[in-house]
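Beneath this line is the structure, given in structure tokens, with notes to follow.
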Amino acid sequence: MSSNQNPIVPHFSIKVWAKISLGVITSFLFGPWWLVAFLHRLRGVKIHNIWRVFIAGQVLIDSRFPELVEIEEEVYITRGVIIHTHFAPPPFLEAKIGGVRTGRVIIKRGAYIGMNSIILPGVTVGEGAVIGTGSVVTKNVADYTMVAGNPARVIKSVYEIRPMNDAGMNP
């Protein structure tokens, strides 16, 4: 390391800084849903079809390794969701536990991610799964399963969710 380089602040290439910068811009964008999806795809997020996915404003998809996120069709990601694909320990811990660790995040077809939820590295959200508001997802979520909490735990099958009437009450 050169004498003028700060050991606390990691050195990134211009390409990495571009991904991070575009990620920050995208996370604050309140534009049309397709533009948000397009910009995330431009950053490297694997989005199967930008016209068949909804990503709200203020969604943060990992700034450093967005290419490790895959989003299938008919996925609905609501405001404030954070998707992490890496853990980068500070220099003090890096010497003890090692460097950056990454894990792919896959969000399968028809999944719904509730507001302010956090998805951690290495997680697969199954087809048709529902993640409750404010959940911290640390493990894979099975197809057609509803999870909620910190850490997220299984609540019920989505087939057990009853429709609400016009007054917002279960019949």
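If I take every Cα pair under 8 Å that is 6 or more residues apart in segment 14-148, average their sequence separation and divide by the length, what percent do I get for the relative contact order? All intermediate terms of the calculation are to be shown ahead of the outcome.
Details: 356 pairs, mean separation 23.4, N = 135.
Once normalised by length, the contact order is 17 percent.
Non-local amide H neighbours of VAL53 (under 5 Å, H modeled in plane, Pro and chain starts lacking H): which ones?
Residues meeting the criterion, in which the H sits 1.01 Å from N, are GLU74.
Relative to the present Cα-Cα distance, how much length would full extension add between PHE28 and ASP143 at 0.36 nm per residue of separation?
Working: separation 115, 0.36 × 115 = 41.40 nm, distance 3.05 nm.
My answer for the length gained is 38.3 nm.
Which net charge results for the neighbourhood of PRO89, defined as the other residues with beta-carbon distances under 13 angstrom from its beta-carbon, given Lys and Arg at +1 and Asp and Glu at -1? Provide the component values of the computation, followed by the final result.
Working: positive: LYS96, ARG101; negative: GLU94.
Counting the neighbours of PRO89, the net charge comes to +1.
So if I place +1 on the C-beta of Lys and Arg and -1 on the C-beta of Asp and Glu, and nothing else carries charge, what would the dipole magnitude of the chain be about its Cα centre? I want it in debye, nearest 20.
On the way: 17 positive and 11 negative charges, 70 e Å.
The calculation lands at about 340 debye.
Using helices alone, I'd like the mean residue ellipticity at 222 nm for the chain: each DSSP H run of four-plus residues gives -39500 (n - 2.57), total over residue count, nearest 500. Please list the in-between numbers first.
On the way: 3 runs with 32 residues, N = 171.
Only helices count here, giving -5500 deg cm²/dmol.
Using Cβ counts within 10 Å as a stand-in for footprinting exposure, how do VAL81, VAL125 rank, fewest first? Please report the intermediate quantities before stating the final value.
Details: VAL81 22, VAL125 30.
Lowest count first: VAL81, VAL125.
Relative to the longest principal axis of the chain, what angle (0 to 90°, nearest 10) does the C-alpha long axis of helix 33-43 take?
30 degrees
How far, in degrees from 0 to 90, does helix 14-27 lean away from the longest principal axis of the Cα atoms of the chain, to the nearest 10?
Relative to the chain, helix 14-27 is tipped by roughly 30 degrees.
Rounded, prolate or oblate: which one fits segment 14-148, using the alpha carbon gyration tensor with axes a ≥ b ≥ c (rounded when a/c is under 1.5, else prolate when a/b beats b/c, else oblate)? Write out the running numbers ahead of the final one.
Details: a/c = 1.87, a/b = 1.20, b/c = 1.56.
In terms of gyration-tensor shape, oblate.
Amide H neighbours of VAL59 under 5 Å, counting only residues 5+ apart in sequence or on other chains, H built in-plane at 1.01 Å?
GLY80
If amide H atoms are built 1.01 Å from N in the plane of the peptide, which residues on other chains or at least 5 residues away come under 5 Å of the amide H of VAL137?
Hits under the 5 Å cutoff: ILE118, ILE119, LEU120, ALA152.
Any read-out appearing in this document is the output of simple, stated calculations on the displayed coordinates, not a laboratory observation. Note that this is a predicted model, so its numbers are computed, not measured. For neighbour counting, all protein chains shown are included, and Cβ atoms are generated from backbone atoms with ideal geometry for every residue, glycine included.
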